[in-house]
Amino acid sequence: MPIDLRRLLFKKRPIRIRRYGSTSIHRVYTNLYLREYCRDLNPGSVINIGDRPDAPDKEGSTYEAYFPKAGFRTLDLASHDHPRHIAGDLMTGQDFGSYDLVLLMSVIEHIDRPWIAAKNITKMIRPGGHLYIAMPFFYPVHEGPYYGDHWRARATAMPFLFPDLVVVNSDEHPSAIRTVRDRRMYWNNPGSTSAGFSMLMRRPL
């Protein structure tokens, strides 16, 4: 009779995941740092890439509500019946306009060739404008009908992906997994079980 290794390993010591309401710990910190980093920016125009205008932040609000005084738009491969939504592909080099703040909320990992998209995203940022990036790292694979889950990176990779931008702020998101009885020298470092990161970058004048 074959042995079910999963039952053998997890029967006595199941992994317990701390719950944070109706959303993930990565999303909680994504929203937290978005508010913190962008509090004093006062952008006149914002575009959220990879979502729709009424996209929820999964904590009871929408991302448009974070910037009530800004002209808010969205860009995605999928079409949406909304006058402020743009259906387009970042791979084409198409002109999508320029903005004071560009949001990449857990998007880069789904882009087939992020090194191409990064060049076009940089063009969308006005001189002196900002880019907010959030990316999951230690997080379940999530895919959809027209996007995969290709890339996971640390915050240290973003200056290579966006060489024309400068880092303003950067923070790791702590993982829900706090301790593991293995490789003590690595797992005791909070960054080694990072759920992801948030980063604010600026395009120089």
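Coordinate-derived values only; no laboratory data. Everything numeric here is computed off the predicted structure, so don't read it as measured data. Virtual Cβ from ideal backbone geometry, glycine too; neighbours counted across all protein chains shown.
Tabulated data
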item: Under Karplus coefficients 6.51, -1.76 and 1.60, residue-wise ³J(HN,Hα) of the stretch 105-117 in Hz, glycine/proline x; result: 9, 6, 10, 4, 5, 9, 7, 4, 10, x, 5, 7, 4
item: Sequence-distant residues sharing a close amide H with residue 129 (under 5 Å, placed H); result: 203
item: Sorted by Cβ density within 10 Å, fewest first, the residues 46, 28, 166, 107; result: 166, 28, 107, 46
item: Exposure proxy order (Cβ contacts within 10 Å, fewest to most) of 35, 84; result: 35, 84
item: Dipole in debye (nearest 20) - the stretch 15-202, about Cα centre, beta carbon charges: Lys, Arg +1; Asp, Glu -1; result: 720
item: Burial ordering of 76, 40, fewest other beta-carbon atoms within 10 Å first; result: 40, 76
item: Derived scalar couplings ³J(HN,Hα) [the stretch 51-59; Karplus, 6.51 cos²θ - 1.76 cosθ + 1.60; whole Hz; x for Gly, Pro]; result: 8, 10, x, 9, 4, x, 8, 6, 10
